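The structure appears below as structure tokens.
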2 protein chains.
Amino acid sequence: MSGPRFEPVRTVRAYERIVEQVEEAIESGALCPGERLPSERDLMGQFSVSRSTVREALRVLQARGLVRSRPGDPHGAEVQPFSPAALHKSMTTLARVDELSLGELVQFRMVLDASANLLAARLRTDEQLAEMDAAIAGMRAAAEVGYDAFSAADIAFHDAVARASRNKLIQICTDVVRSIVLGLVSGKIAAAADREALMRQSIGHHEEVLAAVRAGDGLLAARLSRQTMYDYYVGYVPVDERPALRALLE
Amino acid sequence: MSGPRFEPVRTVRAYERIVEQVEEAIESGALCPGERLPSERDLMGQFSVSRSTVREALRVLQARGLVRSRPGDPHGAEVQPFSPAALHKSMTTLARVDELSLGELVQFRMVLDASANLLAARLRTDEQLAEMDAAIAGMRAAAEVGYDAFSAADIAFHDAVARASRNKLIQICTDVVRSIVLGLVSGKIAAAADREALMRQSIGHHEEVLAAVRAGDGLLAARLSRQTMYDYYVGYVPVDERPALRALLE
DNA sequence: GCTAGTGCACTGGTCGGACCAGTAGGCTAC
DNA sequence: GTAGCCTACTGGTCCGACCAGTGCACTAGC
């Protein structure tokens, strides 16, 4: 009964075809980071379209973080090395549209950080362990300076752990979600009256986590890191969201 | 010694200012999904720029998934509800550029799915439990039909678990990473000679996981789900990446 | 000889105008 | 009252133009 299966003809914009072709070239490795695209005027010849169309395609590619163009650059747009900037942008948008609550974000960080610690405890090298040591030393020193410095050292520690997990997706998501969370609460933390006590407590917690990582006890490291994160942020999470956070603690 | 601190003047393109303004309007809620932007010709008046500039801004907004324009639509571009499409796109790019290996992706799925199961075991409602039951029944029925149907039912189960976790970030990331993984391996699974045995085994594993969720045993559900995912995909992961996956298993 | 300075050719960013195919909704003819 | 046409408008694409900025070759000076 069914005749030849006709598929709906999807009209494809000219600039989309260009985006697809360039994207394909980059993803297939035909174009490597650092290499240059031809100039817009060359591209309009190669694709047989007008410059407006070429430019719209380049805008899309730039929005996706694949290329970057600079006015006056005689070499054309530059193919960018991958950066999680686009990922970061869309996740930030997601959070800002208020689709995501602070509780969900912190909960996600607890999940990611715990997993990173679990993996780090089992996969870390001695150099990575040294990095974590250095980061905690930095936290201790920075606590005397102020919250901003402390926060930076704190980030360095978590980054070292994430790197030790050897999972780039964990690293990227950790980075993205953390910066969103900090954007939401860093002002409140900096203004907190008892932030010195908070920082001192946090250093102690981090030392315990590191000890577990050093000992190779992944489960302990994961549990401690969850608890550390919980204690640090629970005060800023609305009361009705806290039970969901506690559901992650044993 | 240091005079007044001058910051470098960052030249901002006209179209970027437009993107920022519209983005702000959407993220602040001044523009809601479903609402329409003025026509391009109106916008060029409001922003005092040419239509090319307006269009470049719209291309960027469209690439970020915030608006969508249709040729001939007399009402102007439509503000889109948030969709993880942009997130998906950038993560897919990341995977295609080979920044992400299959091992890392599967490992990330293990982390997400285990967390979703842990939370689901502790937060699920009876309706959600019924959804999971239905999904497993669907898997059993679909296994007779073929791999595609089975895969769809499998997805339905994991989605139900993710929803029960009550964390939208987990749901979204689960969805995105899963579709990338499936894009990489679904062909191989469909072609596997022993896929019937694989499906039957997988159903059994899922039933065990669901039993743990039903019993409220979050730790068990998490461990079983990690193991299930590992067993299902380990055959497609390069041998040298497998130890990292096993590091997630107790 | 080499360096410092200049000029040029070309770039991307923006503008304005033009045409086309498509759509929605009002209007007309039945 | 309804079916079908008409029109005003849309977004997609093209063209040509101008500007400010950049890199490089060339030149003038040491």
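Here, each number is a calculation from the coordinates, and none is a lab measurement. Given the structure is predicted, the values throughout are model-derived calculations rather than measurements. Methodologically, a virtual Cβ is constructed for each residue, glycine included, from the backbone with ideal geometry; neighbour enumeration extends over all protein chains shown.
Using a 10 Å cut-off on Cβ to Cβ distances, tally the other chain neighbours for every residue of A:161-174 and report the average as a whole number.
Working: counts 0, 0, 0, 0, 5, 6, 10, 7, 15, 4, 1, 5, 7, 0.
Average neighbour count from other chains, rounded to a whole number: 4.
A simple rule links phi to the HN-Hα coupling: the Karplus curve 6.51 cos²θ - 1.76 cosθ + 1.60 with θ = phi - 60°, which for the range B:37-46 gives 7, x, 5, 4, 5, 5, 4, 4, x, 5 Hz, with x for Gly and Pro. Modelled label positions at B:R68 and B:E16, each set 7 Å beyond Cα in the direction of Cβ, lie 2.9 nm from each other. With the label put 7 angstrom out from Cα along the Cα-to-Cβ vector, A:D133 ends up 5.7 nm from the copy partners, going from closest to farthest.
Normalised by the number of residues in the range A:14-79, the average gap of Cα pairs under 8 Å and 6 or more apart makes the relative contact order 43 percent.
In chain A, the longest principal axis of the Cα atoms and the axis of helix A:195-215 are about 80 degrees apart. Inter-copy label distances at B:G72, using a point 7 Å along Cα-to-Cβ, come to 4.6 nm with the shortest given first. Bridgeable lysines around A:K89 (alpha carbons under 26 Å apart, same-chain partners fewer than 8 residues away excluded): A:K168, A:K188, B:K89, B:K168.
Summary for A:A197: label point 7 Å along Cα→Cβ; distances to the equivalent points in the other copies, ascending, 6.2 nm. With angles folded into 0 to 90 degrees, how steeply does helix B:168-191 sit against the dominant principal axis of chain B? Use alpha carbons for both and round to 10. In chain B, helix B:168-191 runs at an angle near 60 degrees to the longest axis. In sequence order, the range B:103-120 has phi-based couplings of x, 5, 5, 5, 4, 5, 4, 4, 4, 5, 5, 5, 5, 4, 5, 4, 5, 4 Hz under the Karplus curve 6.51 cos²θ - 1.76 cosθ + 1.60, θ = phi - 60°, and Gly or Pro positions carry x. Take every Cα pair under 8 Å whose residues are at least 6 apart in sequence, average their separation, divide by the length of chain A, and the relative contact order is 20 percent. Cβ-to-Cβ counts within 10 Å put A:T11, A:T93 in ascending order as A:T11, A:T93, the fewest first. Using only side-chain charges placed at the Cβ, +1 for Lys and Arg and -1 for Asp and Glu, the dipole size of the range A:133-250 relative to its Cα centre rounds to 300 debye.
Hey, can you rank B:219-226, A:208-215 by average C-beta count inside 10 Å, highest first?
Working: B:219-226: 22.5, A:208-215: 20.1.
Going from most to least packed, we get B:219-226, A:208-215.
Shielding value for A:61-70 is 3, the average number of Cβ atoms from other chains within 10 Å of each residue's Cβ. Judged by the ratio a/c of the largest to the smallest principal axis of the C-alpha gyration tensor, the protein assembly as shown counts as oblate, that ratio being 1.5 or greater while a/b is no larger than b/c. With neighbour counts taken as other beta-carbon atoms within 10 Å, the residues B:C32, A:C173 rank, fewest first, as B:C32, A:C173.
A simple rule links phi to the HN-Hα coupling: the Karplus curve 6.51 cos²θ - 1.76 cosθ + 1.60 with θ = phi - 60°, which for the range A:151-159 gives 4, 4, 5, 4, 4, 4, 5, 5, 5 Hz, with x for Gly and Pro. In chain A, the calculated helix contribution to ellipticity at 222 nm averages -23000 deg cm²/dmol per residue, counting -39,500 (n - 2.57) for every DSSP H run with n ≥ 4.
Shielding value for A:87-97 is 6, the average number of Cβ atoms from other chains within 10 Å of each residue's Cβ.
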